[in-house]
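Visitor: Sending over a structure as structure tokens; questions will come in a sec.
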Amino acid sequence: MPVENSRVKGLYKLTVEERRNLVADAANLSKDHVAALAKHGELDETAADRMIENVIGTMSLPVGVATNFVIDGKHYLIPFCLEESSVVAAASNMAKRCLTHGGFFTDNDDPIMIGQIQLLDIEDFSAAEQMILDKKDELITFCNDIPSRMIALGGGCKDIELRQLPTPMGTMLVAHLLVDCRDAMGANAVNTMAERVAPRLEAMSGGRAHLRILSNLAGHRLARVRAVFTPEEMSSDGTRDDGLAVIQGILEAHAFAVEDPFRAATHNKGVMNAISSVALACGQDWRAVEAGCHAWTTMPDGRYTSMSSWERNEEGNLVGTMELPMAVGIVGGASKVHPAAKANLAILGVETAQELAGIILCAGLAQNLGALRALSTKGIQAGHMKLHAKNMAVSAGAVGEEVERLAVRIQAHDGHRTQSLVETWLEEMRKA
């Protein structure tokens, strides 16, 4: 039932417990619901209350560890935070299938983010562009003339680019600040620079500065991954012939995603199952990462397509590659506030943001291959339902050993599986 009135004055002034009780009364929550919100696990209410507004509780998700990853010659255990079964298992499975050729190899750009300043009402675009470009070094120096650890470590504004953008509201001049954010995600630093330099750009262009904000399409901050999978590694029975057939099926499935945006959306959701989960586990702005990845697929022709690329080389091996924007950091933000995020970064043992970017992309490629292999062989539901059976058992109320016993029966059932049927089986099991 919806609440009668969502207008709550001064909610931010209340304590977390007071807010929770107020919301519980307004939404007619049960005692169990209130207790669930009050359980704060690894993130206590004081920390949560500093992270976002109007906190009433916290919500936990499972953290699982993907195994078998060898990246640039180093071994990694990769934490995933998500609720969907089979993802961690699939990524781990695929990671061990490229070890013959050394695992995954990455190549990452410098951590350059883009700050955009929108300039409107310009009468002479040529003169405005020339004025800004003539003063570019001066503007860069001005952007960097602030106390900043990032700048002290070699980061800061490195360049300024200009674009004329025709729109239904008239042609705009868009200035891009290219900012090296070092090991930070960089949103606050980039936004600060954009706002600081906007009045100068306004004066030089003779126009009006409007929006001043970073772009989550981090096209200068790309991460790349490549991995080679032999037919023997890809096979179900260890034979080359079976592996070649599996590879052929994967290539056919990939071609579908490349050409059809309806398929590409689901194909890329599989990639993001890993990318978003690892980003979330490590305290990253995973919504920004997702936005950048999806937008990048449309570059440069505006057509939405596959994030990954799969092909067969002359030796018959399957070669997977991927290139995506990866704006992540290991300093600041939730990565330094959330206790679990700090622990997960410690599990990875990363030393730079670029290393983290490469790891996240490797997880995405492995998970994508897991989905493609399942779809092009036995189908996605066989493995998915194997793990989902336990969720159905728990949802029906099974506890302890009942969960395993009930899950086995669910998996063995050839007909349609419904939650009410599982509840009936649980009742029968308990009576027996």
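Visitor: Would you mind stating whether residue 421 is surrounded by 19 or more Cβ atoms within 10 Å (Cβ to Cβ) and either farther than 30 Å from residue 188 by Cβ or not assigned by TED's automatic domain parsing to the domain that holds residue 45 (or both)?
Guide: No: the conditions fail for residue 421.
Visitor: Please go through segment 298-319 and give me each residue that is assigned to a strand (DSSP E or B) and of a type outside the set (Asp, Glu), ordered by number.
Guide: 308, 309, 310, 312, 318, 319
Visitor: Pick out, from segment 174-263, the helices (runs of 4 or more DSSP H) lying fully within it that include 1 or more residues that are outside the structural domain of residue 156 (by TED's automatic domain parsing).
Guide: Hits in segment 174-263: 231-234, 240-259.
Visitor: Inside segment 1-54, counting only helices (runs of 4 or more DSSP H) that do not spill past its ends, which hold 1 or more residues that are surrounded by 10 or more Cβ atoms within 10 Å (Cβ to Cβ) and charged (D, E, K, R)?
Guide: In segment 1-54, the matching helices (runs of 4 or more DSSP H) lie at 16-27, 45-51.
Visitor: Next question. Show me the helices (runs of 4 or more DSSP H) found entirely inside segment 320-432 where at least 2 residues are touching a residue at least 60 places away in the same chain (Cβ under 8 Å) and closer than 30 Å to residue 233 by Cα.
Guide: Those helices (runs of 4 or more DSSP H) span 339-348, 353-376, 380-395.
Visitor: Ok, one more. If I ask for residues that are loosely packed, with under 14 Cβ neighbours inside 10 Å and either in contact (Cβ under 8 Å) with a residue 40 or more places away in the chain or closer than 30 Å to residue 23 by Cα (or both), which ones from segment 62-73 would you list?
Guide: 62
Visitor: What is the residue count in segment 88-125 for residues that are closer than 14 Å to residue 367 by Cβ and crowded, with 16+ Cβ neighbours inside 10 Å?
Guide: Residues flagged as closer than 14 Å to residue 367 by Cβ and crowded, with 16+ Cβ neighbours inside 10 Å within segment 88-125 amount to 11.
Visitor: Of all residues in segment 333-344, which are surrounded by fewer than 20 Cβ atoms within 10 Å (Cβ to Cβ) and more than 17 Å from residue 49 (Cα to Cα)?
Guide: 342, 343
Visitor: Moving on to the next point. Being out of contact with any Cys (no Cβ under 9 Å at 6 or more places or on another chain) and either at pLDDT 90 or above or assigned by TED's automatic domain parsing to the domain that holds residue 273 (or both) is the requirement here; does residue 77 meet it?
Guide: Criteria met by residue 77.
The values are calculated or read from the model by the stated rules, or taken from the named source; none is laboratory data. Given the structure is predicted, the values throughout are model-derived calculations rather than measurements. For neighbour counting, all protein chains shown are included, and Cβ atoms are generated from backbone atoms with ideal geometry for every residue, glycine included.
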